[in-house]
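We did not get these values from a lab; they are worked out from the coordinates using the rules stated. Since the structure is predicted, the reported quantities are computational estimates derived from the model, not experimental observations. Using ideal geometry, Cβ is built from the backbone for each residue, glycine included, and neighbour counts are taken over all protein chains shown.
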Ligand code: M6R
């Protein structure tokens with residue numbers, strides 16, 4: 001939620017910050033702003049809309065400066081507008097600040113400040129915090145760093161802030177709690193950002209700032225302190241990311257690029273772990289904790305959105321192969337309903353960004369209660385990865401499109417390997433079945449390639465149904481999470497209402513929606529439910545619903561029931577979601593494009609939801 005960038009150094013700051021904001025637009029894009037210090041004067045430029053609109057607004061203006069901070073917003077407090085865009089200015093006009101997060105107790109603080117005569121130009125919690133800092137500085141006659149420290153001890157909520165003072169144009173002060181901040185160390189320069197993508201082309205040396213730390217950043221100096229004013233030693237890490245990974249590489253949209261990357265990302269996820277010839281699975285995080293994982297009295301999976309759908313797949317998978325009870329929880333509900341957690345419970349957290357606030361907060365409280373946390377995360381070094389006791393990265397590379405695609409198949413891949421490994425250790429699977437499933441899993445990258453080699457049918461189906469008002473997605477067993485995921489993808493990037501349902505449950509209510517205008521997508525690959533799903537299709541057909549089906553290559557029955565068939569290669573049902581989700585992603589992509597939607601940045605969404 002919200003992307004932030006800062007630069008201080010020898011080069012021109014504005015172009016670096018703007019370029020960084022473009023890379024972070026996936027985090028929020030309803031307004032943009034920058035602050036620079038020019039000849040000892042603060043200048044703030046901000047605009048409702050995407051980064052390009054700000055760039056246009058400042059065209060021809062003198063933006064020369066060696067220091068700049070910038071923000072791309074996903075609104076929490078106050079509608080998207082010029083005046084609510086960050087950075088904000090303090091009442092004395094000396095300080096500029098931007099913020100990613102939420103200050104929960106801003107209202108009483110605002111009240112206090114209003115009584116003291118402060119005025120507010122925006123509806124944001126950020127402007128309140130900024131003036132609170134100014135007020136503390138004025139009253140205590142202290143420096144800005146000390147005023148910030150005092151303010152942060154009083155506020156409740158999450159933040160990553162960047163703060164500059166026109167009287168000290170050589171310093172950016174930053175602080176974080178709950179919202180990410182990474183600082184790149186260059187030659188006579190420092191780069192600050194919400195993730196490493198704005199930094200990668202300048203330096204590979206980075207420091208991930210921890211919660212409750214304040215960074216005092218100058219051209220050639222980085223000082224980290226905790227809220228007790230004690231110096232902390234910055235832990236410098238090497239970035240393992242290439243620039244090409246965050247560029248479009250000839251594709252029209254990041255989403256399409258990321259869909260087409262999946263044969264490689266799934267292969268990368270398997271590489272070095274699924275040792276096909278030896279029929280072994282090596283995963284350090286699982287190997288080192290195999291007792292804790294397999295002896296768990298219960299596994300609780302905590303996640304949101306698409307990652308929750310991966311969790312639902314894992315419930316079917318781990319219960320079937322490992323015979324361990326699994327519960328899948330929406331992180332936002334889990335945290336606040338005071339769940340029963342025993343010391344022997346294992347929590348699996350699934351997150352692409354590793355920064356989702358609902359998941360993070362849920363994990364913090366589960367950890368306090370003694371649970372063992374296993375993180376399945378894509379973003380290396382992210383908060384959830386660091387909070388976990390152990391874990392496995394999905395290695396899908398940076399995912400920029402708001403709609404999760406390759407990260408999801410990475411999650412499924414990790415979960416499949418993990419379940420197989422645990423099942424083998426527990427001997428809850430026969431050797432024959434294990435070998436078969438290892439072989440099936442190893443075949444996935446090539447089979448995904450086959451689907452991607454022929455997308456024209458999916459595109460045609462998308463064009464045929466692009467004007468539908470509603471869609472129903474149905475599946476059973478391992479394909480039920482994929483029906484949910486298909487519906488979510490469609491909602492996100494086409495704005496068409498869609499519902500995912502277990503195919504058999506449909507007759508208990510949603511069947512009332514069916515008429516000749518309703519497209520019903522069946523995920524109906526060959527599995528133990530196949531005949532039953534065919535009966536469900538008949539039920540929809542009898543009510544004149546429009547059938548769209550994902551079917552296994554060689555299926556001769558479904559083509560007799562519908563003209564709208566998207567084929568995927570045959571594979572064991574346990575692994576099938578890795579294939580059946582691909583047509584779901586493409587169908588949504590093509591409908592979104594046909595409707596003229598910016599599929600990488602659909603309205604109201606943000607890639608990384610760092611507010612609760
Ligand atoms: O980064 P996370 O996996 O924790 O994010 C969870 C959800 O916000 C995310 O999956 C969201 O639903 C995506 N936009 C789905 O495409």
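Structural remarks
- If the chain linking residue 146 and residue 365 were pulled fully straight, counting 0.36 nm for each residue of separation and taking away their Cα-Cα distance, it would gain 75.8 nm.
- Contact order, relative form, for the range 447-571: 25 percent (alpha carbon pairs under 8 Å, 6 or more residues apart, mean separation divided by residue count).
- The ranking of 383, 552 from fewest to most other beta carbons within 10 Å of each one's beta carbon is 552, 383.
- Convex hull of Cα atoms in the range 147-207, direction-averaged projection (nm²): 4.8 nm²
- Each Cα pair under 8 Å and six or more residues apart adds its separation to the average, and for the range 3-245 the resulting relative contact order is 19 percent.
- To the nearest ten degrees, helix 577-594 and the longest principal axis of the Cα atoms of the chain are 60 degrees apart.
- Binning all Cα-Cα separations of the range 298-457 at 10 Å, short to long from zero, yields these whole-percent fractions: 11, 38, 34, 14, 2, 0.
- Fully extended contour minus Cα-Cα distance, from residue 168 to residue 459, at 0.36 nm per residue: 99.1 nm
- For the range 267-392, Kirkwood radius (reciprocal of mean inverse C-alpha pair distance, Å): 14.7 Å
- Scaled radius of gyration (Cα, divided by 2.2 N^0.38 Å) that the range 134-288 gives: 1.38
- With both labels modelled 7 Å from their Cα along Cα-to-Cβ, the residue 12 to residue 245 distance reads 3.0 nm.
- Residue 594/residue 386 FRET efficiency (R0 51 Å; Cβ-Cβ; nearest 0.05): 0.80
- Relative contact order of the chain: 12 percent, from C-alpha pairs under 8 Å at least 6 residues apart in sequence.
- DSSP beta bridges fully contained in the range 248-442 are about 10 percent antiparallel.
- Theoretical FRET efficiency, 1/(1+(r/R0)^6), r = Cβ-Cβ of residue 541 and residue 41, R0 41 Å, to 0.05: 0.05
- Dimensions in Å of the range 454-605 - Rg and Dmax from alpha carbons: 14.1, 42
- For the range 463-509, the pair-distance distribution built from all alpha carbon pairs, in bins 10 Å wide starting at 0, is 30, 49, 21, 0 percent.
- Binning the C-alpha pair distances of the range 211-309 at 10 Å intervals from 0 yields a P(r) profile of 10, 19, 26, 31, 13, 1 %, listed from the shortest bin outward.
- Using only alpha carbons, the chain has a radius of gyration to Kirkwood radius ratio (Rg to Rh) of 1.00.
- Nearest 10 degrees, 0 to 90: helix 456-465 Cα axis against the chain principal axis: 80 degrees
- Cβ-Cβ FRET estimate between residue 327 and residue 507, R0 fixed at 22 Å, reported to 0.05: 0.25
- Cα gyration tensor shape for the range 1-112, rounded if a/c is under 1.5, else prolate or oblate: oblate
- Full extension of the segment from residue 236 to residue 450, taken as 0.36 nm per residue of separation minus the current Cα-Cα distance, would add 72.8 nm.
- DSSP bridge analysis restricted to the chain gives an antiparallel fraction near 65%, rounded to the nearest 5.
- Angle between the chain longest axis and helix 357-368 axis [Cα atoms, degrees, rounded to 10]: 90 degrees
- Ascending count of other beta-carbon atoms within 10 Å, so fewest first, for 610, 72: 610, 72
- Pairs of Cα atoms farther than 22 Å apart, the range 3-245, %: 48 percent
- nm² value of the averaged projected area, convex hull over the Cα atoms of the range 82-166: 5.0 nm²
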